[in-house]
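**Student:** I have a structure I would like to understand better, so I am pasting it below and will then ask my questions one at a time.
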Amino acid sequence: MTLTETILCSKTHEYISNNEDKNYTVGLTDYAVEQLGDIVFVELPEVGASFNKGDVFSTVESVKAASEIYMPISGTITEVNDNVVNSPEILNESPYENGWLVKVDFTGNDIELSDLLDYNDYTEEVK
Amino acid sequence: MVKIIMKQTLLHDKQIKLGAKMVDFAGWHMPVQFTSIIEEHKNVRKNAGLFDVSHMGEVFVSGKDSLNFLNKIVPQDISKLYNSKAVYCQLTNENGGLVDDLIIYKLEDNKYLLIVNASRIDEDVNWFVRNSVDFDVYIDNQSHNYSLLAVQGPKADSILRKLGYNLEQEFFTIEKTTLNSMDVMVSRTGYTGEDGYEIMLKNKDAVKMWDLLIDAGKEFSLMPIGLGARDTLRLEAALHLYGNDLNEITTPVEAGLSWSIPKDKTEDYNGKNVIMNQIQNGTDKKLIGLKMLSRAVPRHEYEVYYNHEKIGNVTSGGFAPSLNENIALAYVKNLKELKIGSTIQIMVREKLYDAQIVKRPFVEKHNNNKEK
């Protein structure tokens, strides 16, 4: 099974991938990083910070422009990926593996998950 | 549904086939990148790049008062131009502000070519007409009939040689000639800080010339370049972008362009009093170059601070691929204590980040000339 078969994507181009229990990895889809182009700056929140679904939790800047990144589910940050802060190009090279942004403990209602699309539906959506 | 129709150059379809990501630029549907802005940028600095800049405007000025007319509308001394010589100019208004910046080429006595910004063609032509009432001149806007291809980078010269171009050409000159039986005007100018050429030709030959250049450029690693890298290249070279760094309320003196203005020009020109007064007595604001001391990216309109006081705004900024740093041009209050090396702050998303004032250009230019 490949990673893209297990992720869920938001219409604002973030994905989540379940780790264990209520812990999820959050990142940007391959479509998003392709559209952004060369990424040169990533700002991430602190561990422990809490966000509601739809809150801005990160800013990613490409050569072209700055983009706000929205939390696809409500959650509390348990880990941030310092590698992408130090080497933002990892986001372009490996959005689903090395280029993830944060890990969160999901604190929302399961209805939030049903708003998200599986990868196939998502790629149809952005075609 | 409203369908917005954008203008296209003759290379539009070819560029899409090459995989270009397209954007709206000044009403034109133009490529912003082909592969990656950083890769394209670095290739121009190291090898060469091919730019379609056909959206830019070409206006011919002819007639017996051409020289006097041009001397009325720009601070530069057009009488200094010999045939084939070009000069970087500003189109000033009565207050010394800029209607546009442009390059004026002298083709022959009483015949000049003006290359102007795509976003300003209509304003410029109106301006020329309004200013020409007392002069016997003919203003011929040929922007829709000509295409313009730029070959820029250290290998640009070799690529043109490979195509059979055999003229020895000085920087900032233009030659009327033929290349592979196509009538062209070749000027040794550009907007990257590198050596290079701009080839102006009739629309009907644009695709053929593009293909010839791509073909001749293969062994020199020539790549097609989008507007994204065009912007990062010009920013590193600290070349102004009209609309960002220049506008109708900014004078060339404030913009750091005094070097381009002769102090001994006897003819009157639009805004001369203001400009000469500023050269003598200084200005309230000035253009600076800065580099960020962190990874934060300065962007157009971000605020600049010094000692907790807002002193200005960024006008162009972003990542500089050749430097692996974030740089910007900004207008700030003309305070004595602000010098090369001073630390100031840029407001990025409600937070202040340190930046240092550095000299312009940010990278060394490789076209052996002070001119733009």
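The values are calculated or read from the model by the stated rules, or taken from the named source; none is laboratory data. Just so it is clear, the structure is predicted and the values come from calculations on it, not from any experiment. In this analysis, Cβ positions are derived from the backbone assuming ideal geometry, glycine residues included, and neighbour counts consider all displayed protein chains. Quick note on the areas: whole protein, heavy atoms, side chains included, nothing else; ligands and nucleic acids left out. Shrake-Rupley method; radii C 1.70, N 1.55, O 1.52, S 1.80 Å.
**Student:** Taking a spot 7 Å from the Cα of B:R349 along the direction of its beta carbon, which residues of the stretch A:84-117 have an amide N less than 17 Å from it?
**Tutor:** Flagged as within label range: A:84-92, A:100-103.
**Student:** Averaged per residue, what accessible surface does the stretch A:9-109 expose to a 1.4 Å probe, in Å²? Kindly include the intermediate steps, with their values, before the conclusion.
**Tutor:** Details: 4180 Å² over 101 residues.
The answer is 41 Å² per residue.
**Student:** Assuming 0.36 nm per residue, please report the length gained on full extension of the stretch B:L167 to B:K17 beyond their Cα-Cα distance. Don't skip to the end; give the middle numbers.
**Tutor:** Values: separation 150, 0.36 × 150 = 54.00 nm, distance 3.34 nm.
Gain on stretching B:L167 to B:K17: 50.7 nm.
**Student:** So with the 1.4 Å probe, I'd like the accessible area per residue for the stretch B:57-141, rounded to whole Å².
**Tutor:** Working: 3180 Å² over 85 residues.
Averaged over the residues of the stretch B:57-141, the accessible area is 37 Å².
**Student:** Further, regarding this structure: Counting only protein heavy atoms and using a 1.4 Å probe, what share of the accessible area of the stretch A:9-109 belongs to carbon plus sulfur, as a whole percent? Working shown, then result.
**Tutor:** Details: 1690 of 4180 Å².
Taking all protein chains in place, the stretch A:9-109 shows 40 percent carbon and sulfur surface.
**Student:** Given labels modelled 7 Å from the Cα in the Cβ direction, how far is it in nm from A:E46 to B:E325?
**Tutor:** If labels sit at A:E46 and B:E325, their model points lie 3.0 nm apart.
**Student:** Could you work out the longest stretch of chain A that avoids the GluC sites (Glu not before Pro) located in DSSP loops with at most 16 other Cβ atoms within 10 Å?
**Tutor:** Numbers: sites that count: A:E46, A:E89, A:E97.
Maximal segment without exposed cleavage sites: A:1-45.
**Student:** Right, next: Accessible area of chain B with a 1.4 Å probe: how many percent of it is carbon plus sulfur? Before the final figure, lay out the partial values.
**Tutor:** Details: 7730 of 16080 Å².
C and S atoms contribute 48 percent here.
**Student:** Something else now. For a Förster distance of 45 Å, can you work out the FRET efficiency between the beta-carbons of A:E20 and B:A26, rounded to the nearest 0.05? Show your work: numbers first, answer last.
**Tutor:** Working: r = 52 Å, r/R0 = 1.16.
Efficiency, rounded to the nearest 0.05: 0.30.
**Student:** About the Cα centre, and with charges only on the beta carbon of Lys, Arg (+1) and Asp, Glu (-1), how big is the dipole of chain B? Nearest 20 debye, please.
**Tutor:** 900 debye
**Student:** If each DSSP helix of 4+ residues adds -39,500 (n - 2.57) and the sum is divided by the residues in chain A, what number results at 222 nm, nearest 500 deg cm²/dmol? Present the calculation step by step, with values, prior to reporting the outcome.
**Tutor:** Numbers: 5 runs with 28 residues, N = 127.
Helix-only estimate at 222 nm: -4500 deg cm²/dmol.
**Student:** How would you order B:6-12, B:49-55 from highest to lowest mean count of nearby Cβ atoms within 10 Å?
**Tutor:** Values: B:6-12: 18.3, B:49-55: 24.7.
By packing density, highest mean first, the sequence is B:49-55, B:6-12.
**Student:** Hey, rough spin-label estimate for B:K80 and A:D55, points 7 angstrom out along Cα→Cβ, what's it come to in nanometres?
**Tutor:** In this crude spin-label approximation the distance works out to 6.1 nm.
**Student:** Let me ask you something else. What ranking do B:164-177, B:89-102 get when scored by the average of other Cβ atoms within 10 Å per residue, highest first?
**Tutor:** On the way: B:164-177: 14.6, B:89-102: 22.1.
My ranking of the peptides, most packed first, is B:89-102, B:164-177.
**Student:** What dipole magnitude, in Debye to the nearest 20, does the protein assembly as shown give about its Cα centre under +1 on Lys/Arg Cβ and -1 on Asp/Glu Cβ? Intermediate values should be presented prior to the final figure.
**Tutor:** Numbers: 52 positive and 74 negative charges, 407 e Å.
Using Cβ point charges on Lys, Arg, Asp and Glu, the protein assembly as shown gives about 1960 debye.
**Student:** Which residues, if any, in the stretch B:341-367 have at least 10 Å² less accessible area in the whole protein complex than in the isolated chain, probe 1.4 Å?
**Tutor:** B:R349, B:K351, B:Y353
**Student:** Please name the residues of the stretch B:319-339 whose accessible area, counted over protein heavy atoms with a 1.4 angstrom probe, falls by no less than 30 Å² between the chain alone and the full protein assembly.
**Tutor:** So the qualifying set is B:F319.
**Student:** Roughly how much accessible area, to the nearest 100 Å², goes out of reach of solvent when B and A pair up, both sides summed, probe 1.4 Å?
**Tutor:** Values: alone 16800 and 6740 Å², together 22150 Å².
Protein heavy atoms only, the B-A interface buries about 1400 Å².
**Student:** Then there's this: Pop the C-beta distance of B:I279 and B:K176 into the FRET formula with R0 = 35 Å and round what comes out to the nearest 0.05.
**Tutor:** Given R0 = 35 Å and the Cβ-Cβ separation, E is 0.45.
**Student:** Here are some pairs, A:K11/A:K53; B:K42/B:K339; B:K106/B:K263; which of them have Cα atoms lying more than 18 Å apart in this structure? Mind dumping the intermediate values first?
**Tutor:** On the way: A:K11/A:K53 12 Å; B:K42/B:K339 30 Å; B:K106/B:K263 21 Å.
Correct reply: B:K42/B:K339; B:K106/B:K263.
**Student:** Hey, another quick one. Only protein chains counted, 1.4 angstrom probe. Which residues of the stretch A:29-67 are at least 30 Å² less accessible in the assembly than when their chain is isolated?
**Tutor:** A:D38, A:V40, A:F41, A:E43, A:E61, A:V63, A:K64
**Student:** Name the most mobile residue of A:D105, A:D82, A:D21, meaning the one with the largest mean-square fluctuation, in a Gaussian network model of chain A with Cα contacts below 10 Å.
**Tutor:** A:D21
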